[in-house]
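Below is one structure, written out as structure tokens; the observations come after it.
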Amino acid sequence: MKKACTAVVVAAGSARRMQGIDKIMAQVGGKPMLLRTAQALSDSDKIDGIVIVTRSELVQEVRALCADLPKLQAVVQGGESRAQSVLCGLDAVDTPLAAIHDGARPLVTREIIDAAIEAAELCGAAAPAVAVHDTIKVAKDGVVLSTPDRATLFAVQTPQVFDTERIKAAILSALDQGLPLTDDCSAAEFAGMEVRLTQGSEENLKITVPSDLALAEAVLKRREGL
């Protein structure tokens, strides 16, 4: 059964690894990255509304940038950490499901979005992921401690989709306990929620360093050539 879902786009970070580039406004395929990300979410029929979380100095600029998006519901100021920014966005959500998405993943497809939402409709928590191809080592101080079974390892992407009230409670609890939150699934796991993995894509990359912009442009050119 379809449940209404609001996308929470998290774009409030400082982008320290982008060497001075404000990545959410960086051009990707001739559009500011944040706008391309929001449009990708808007293209999904399973997304009913969009809330964008950004830095305080960009709130008005982002509102103007995304003013023509019919599903845009709010642009809100983020918090001091990513988890706190997510909570700021969730406070503006009034649907049963929330799809929390990195503002720096502009190449997400409708298929990835829809699959995660459909899984969350059934189990309350889902996220796209891809299998890890490299051998991973656990190390400390430069010394290998162990080699986990690669068959059990997955790189998790966004949007990560949850029952809205349960993920809010999970994040608040994790923050109160000082638990490390590397993503929103981490909070769900700490709260005992079962998270279902759906099919992600190597192309659903997160723009983290300047060279990622060139990779994104290459992906877009390949898609346009299909």
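The values are calculated or read from the model by the stated rules, or taken from the named source; none is laboratory data. Just so it is clear, the model here is predicted, and its values are computed rather than measured. FYI the Cβ positions are ideal-geometry reconstructions off the backbone, even for glycines, and counts take in every protein chain you see.
Taking the criterion of being touching a helix residue (DSSP H, G or I) at 6+ places or on another chain (Cβ under 8 Å), at pLDDT below 95 and among the β-branched types (Val, Ile, Thr), the residues of segment 168-212 that qualify are Ile207, Thr208, Val209. Assigned to a helix (DSSP H, G or I), within 30 Å of Leu175 (Cα to Cα) and of a type in the set (D, E, K, R): does that describe Glu57? When the stated conditions are applied, Glu57 passes them. Scan segment 133-147 and give yes if some residue there is within 30 Å of Gly30 (Cβ to Cβ), in contact with a strand residue (DSSP E or B) (Cβ under 6 Å, 6 or more places away or on another chain), among the β-branched types (Val, Ile, Thr) and at pLDDT 95 or above, otherwise no. No, there is no match, as no residue in segment 133-147 is within 30 Å of Gly30 (Cβ to Cβ), in contact with a strand residue (DSSP E or B) (Cβ under 6 Å, 6 or more places away or on another chain), among the β-branched types (Val, Ile, Thr) and at pLDDT 95 or above.
Of all residues in segment 91-108, those that are hydrophobic (A, V, I, L, M, F, W, C), farther than 23 Å from Lys31 by Cα and either under 12 Å from the mean Cα position of the chain (by Cα) or in a loop (DSSP other than H, G, I, E, B) (or both) total 3.
Considering only residues of segment 132-148 that are surrounded by 12 or more Cβ atoms within 10 Å (Cβ to Cβ) and among the aliphatic types (A, V, I, L, M), which is farthest from the chain's Cα centre (by Cα)? Here the answer is Ile136. If you go through segment 109-153 and keep only what is of a type in the set (Gly, Ala, Ser), outside any strand (DSSP E or B) and within 19 Å of Met193 (Cα to Cα), you end up with Ala115, Ala116, Ala119, Ala120, Gly124.
Scanning segment 66-90 for residues that are assigned to a loop (DSSP other than H, G, I, E, B) and not basic (Lys, Arg) returns Cys66, Ala67, Asp68, Leu69, Pro70, Gly78, Gly79, Glu80, Ser81.
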